[in-house]
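Worksheet: one structure, shown below.
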Amino acid sequence: MKRTILFLALAFLTTGLFAQKKTTTSAVIAFDASTSLDNMPKAENKTAIAALDTKTGSLAFEATVKNFTFSNPTMQGHFNGDKWLNSDAYPSFIFKGNIVNLSSVDFSKDGSYKAEAEGTLTVKGKEKKIKVPGTIVVKGETIAVSSNFSVNVADFDITGVPIDAGKVSKQPKITVNAEFK
């Protein structure tokens with residue numbers, strides 16, 4: 001009887017610990033680098049992985065560069081090529097950080113919460129500290145995280161004639177959406 005109670009107590013505690021860490025393999029990361037000269041530099045990746053620890057506020061995203069899809073296959077080839085993102089050498093975009101205003105988010109109560117994440121974004125092997133605004137929506141067992149921000153491509157040594165010519169934005173808009181269950 002004591003063993004059964006001990007086992008049940010251990011199982012309950014372990015379940016509670018794991019419930020704090022949420023993951024998904026279907027986060028969506030999109031970017032829009034279009035300009036008034038070219039509306040085509042837009043892509044989306046629907047297979048990014050993400051992790052959220054509701055206790056510590058730790059947050060991480062990883063997106064495979066080759067999984068970004070464009071409406072124009074030629075543009076996708078340029079994007080992954082040696083002169084741009086060089087996805088063979090640098091296969092992932094990675095963000096690792098924390099929710100800095102974690103005390104403003106109540107993961108146990110349904111609602112919409114303004115959040116701010118701070119961490120390191122790694123693109124093409126270059127790391128850059130960033131701070132981005134976001135929204136966290138808690139609804140039952142589901143936590144949805146979203147953010148919209150821009151980055152400077154020069155911070156990650158992304159250069160080229162299309163950028164200089166104004167066909168690709170120097171500050172593309174990034175959109176991140178993840179749903180954790």
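The values are calculated or read from the model by the stated rules, or taken from the named source; none is laboratory data. Here the structure is a predicted model, which means the values were calculated and not measured. Every residue, glycine among them, receives a Cβ derived from its backbone with ideal geometry; neighbour counts consider all protein chains shown.
Things to note:
- Single residue of segment 78-104 satisfying the filter (within 20 Å of I29 (Cβ to Cβ) and assigned to a helix (DSSP H, G or I)) that is farthest from the chain's Cα centre (by Cα): H78
- Count of segment 48-57 residues which are closer than 18 Å to S108 by Cβ and of a type in the set (G, A, S): 1
- A residue that is over 18 Å from T23 (Cα atoms) and surrounded by 17 or more Cβ atoms within 10 Å (Cβ to Cβ) cannot be found anywhere in segment 137-148.
- Any hit, segment 118-131, residues being outside any helix (DSSP H, G or I) and either touching a Pro at 6+ places or on another chain (Cβ under 6 Å) or touching a residue at least 60 places away in the same chain (Cβ under 8 Å) (or both): yes
- Among the criteria (1) within 18 Å of T159 (Cα to Cα); (2) without any contact (Cβ under 8 Å) to a residue 12 or more places away in the chain, the one S103 does not fulfil is (1).
- Those residues of segment 37-47 which are surrounded by fewer than 18 Cβ atoms within 10 Å (Cβ to Cβ) and touching a residue at least 12 places away in the same chain (Cβ under 8 Å), in sequence order: L37, D38, M40, E44, K46, T47
- Within segment 41-56, the set of residues being in a strand (DSSP E or B), in contact with a Phe, Trp or Tyr (Cβ under 9 Å, 6 or more places away or on another chain), under 20 Å from P172 (Cα atoms) and not small (G, A, S) comprises K42, E44, N45.
- For segment 137-170, a residue qualifies if it is under 30 Å from D53 (Cα atoms) and either among the hydrophobic types (A, V, I, L, M, F, W, C) or in a loop (DSSP other than H, G, I, E, B) (or both), and the qualifying residues are V137, V138, G140, E141, I143, A144, V145, F149, V151, N152, V153, F156.
- Among the residues of segment 57-68, those identified as in contact (Cβ under 8 Å) with a residue 24 or more places away in the chain, buried (at least 16 other Cβ atoms within 10 Å of the Cβ) and either over 12 Å from the mean Cα position of the chain (by Cα) or not in a strand (DSSP E or B) (or both) are G57, S58, V65, F68.
- Members of segment 165-176 that are under 30 Å from I143 (Cα atoms) and surrounded by fewer than 18 Cβ atoms within 10 Å (Cβ to Cβ): Q171, K173, T175
- Index of the failed condition, I29 passing every other in (1) at pLDDT 95 or above; (2) assigned to a loop (DSSP other than H, G, I, E, B): (2)
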